[in-house]
1. How compact and how long is the chain, expressed as Rg and Dmax of its alpha-carbon atoms in Å?
2. With each run of n ≥ 4 DSSP H residues scored as -39500 (n - 2.57), what mean residue ellipticity at 222 nm is computed for the chain after dividing by its residue count and rounding to the nearest 500 deg cm²/dmol?
3. If the cut-off is 13 Å between C-alpha atoms, which aspartates and glutamates fall inside it for Lys337, apart from same-chain ones fewer than 8 positions away?
4. Using alpha carbons only, what's the Rg to Rh ratio of the range 224-432 with Rh from Kirkwood?
5. In the range 3-209, with Lys and Arg counted as +1 and Asp and Glu as -1 at Cβ, which of these residues, Pro180, Val128, Ile194, has the Cα nearest the positive end of the dipole, that is, farthest along it?
6. Over the chain, calculate the relative contact order: mean separation of alpha carbon pairs under 8 Å at least 6 apart, over the residue count, as a percent.
7. Quick check on the range 221-300: what are the equivalent-ellipsoid semi-axes from the Cα gyration tensor, as sqrt(5λ), descending, whole Å?
8. Any chance you could give the angle, 0 to 90 degrees and rounded to 10, that helix 293-319 forms with the longest Cα principal axis of the chain?
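Any read-out appearing in this document is the output of simple, stated calculations on the displayed coordinates, not a laboratory observation. Model, not experiment: these values are computed from the prediction. Heads up, the Cβs are rebuilt from the backbone with ideal geometry, glycines too, and the neighbour counts pull from every protein chain shown.
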Amino acid sequence: MNNLEFKNTLEKIDNKSSKIGIIGLGYVGLPLSILLVKNNFHIFGFDTDKKKISKIKKNKSYIDRISNSDVALINKRGKFYSNFSKIRECEIIIICVPTPLKNNTVPDLSFIRNTIKSIKRFLKEGQVLILESTSYPGTTNEEIYKKLKSKFNIGKNFFLGFSSERIDPGVNENSIQKIPKVVSGFSENCLKVISRFYKKSFNQVVESKSLEIAEFSKLLENIYRSINIGFINEMKILADRMNLDIFEIIEVANTKPYGFRRFFPGPGIGGHCIPVDPNYLYWKSVKLGLPAKFIKLSAQTNFLVLNFLIKKILSNLKKIKISNKKAKILILGLSYKKNLDDIRESASIKLIDKLHKKNIKNICFYDPYIKEEMLDKTIKKINYLNSNVLINFDIVILMTDHDIFDYDLIKKKSKLIIDCRGRFEVKGNVQRG
């Protein structure tokens, strides 16, 4: 690509005539599609899940925090496909596919690899390819550059980069443009093109010096949280042994105006980022012969916090002389985070599974955000909460502190509450979990 063609690529971005292909229309791809359309780009959306494509074409949202009207908007300025042949018509292609774990430890890059394999024959000179899927440093180079370098002169007739997503589920799906956007490119020209593109939709763009720095920074953001959550969960267990309330301790410590930042304990970590992303860097650190011990330790602590909760449940059942088989347990909140419908890596689901193994079978949950069709049939849902319902359970466990819960009712009518979120004062029928 000569200098004139390079300028033409930038010009298409500037006048927003570039067609944008979004591969993966989930928690990242759908909000990004909406933002781009609102900034007057035309998009082509791709997802192998035909149900998602069908819902979009019917102007129906499949993510609770995203409105049908926004889906209708992208339907007007976009086209959606379950195959990849239309990739050849896109000037800019953004990959937003999942990066899960195998056996809870090893990176699973199959979605990225399958995507590259599927689109490679449709790629052409002059296109821009951006990875937004989170992975270990070196992924863009190893999984994309090395597979395309024989077909293109990357940085001259094809542009490649990585940009980390920073979506906070339940908080900023509809305002992702306000979060600084980290971008990187394989070469200087790649960075210029990619930075120019994101500046058209995001309030602030942060240019990284290399692909690897940008990839590492995304993991560092989430590992920072994982380690601090693991630490505060360990402090919760220690405070409990001392008959102290960790939430009161945090409140006092937080009066220091420097050198301290609040992290809150919980019943375990959930969502895609915190349980998954740290393992990507840990796996890489082992490959380099320098295992990152803090990452491993925090993951173990965040896993063991469920065992602490189970011991508390079993201890209380023993005190009130109710056998595991006859015990009636109510779980308040099934989503991993308050005020949303996301059950990815849900601590509540893990707790239910562990209690079943302890022969505690009579377990119900109440969560207005969760639809029954999202769940295994063995998990019983209560559709409403009142005095008669609450009094029927031996233990009520607050796992997710949705704002819509009637906490006064729960406090007054529950026999025993194990509060994992600090919504109640530890007094009377309330214990910290």
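1. Here Rg and the maximum Cα pair distance are 24.1, 81 Å.
2. Dividing the helical sum by the residues of the chain leaves -12000 deg cm²/dmol.
3. Asp168, Glu345, Asp367, Asp401, Asp403
4. In the range 224-432, Rg relative to Rh is 0.98.
5. Val128
6. 11 percent
7. Equivalent-ellipsoid dimensions as semi-axes: 27, 14, 12 Å.
8. Once rounded, the angle reads 30 degrees.
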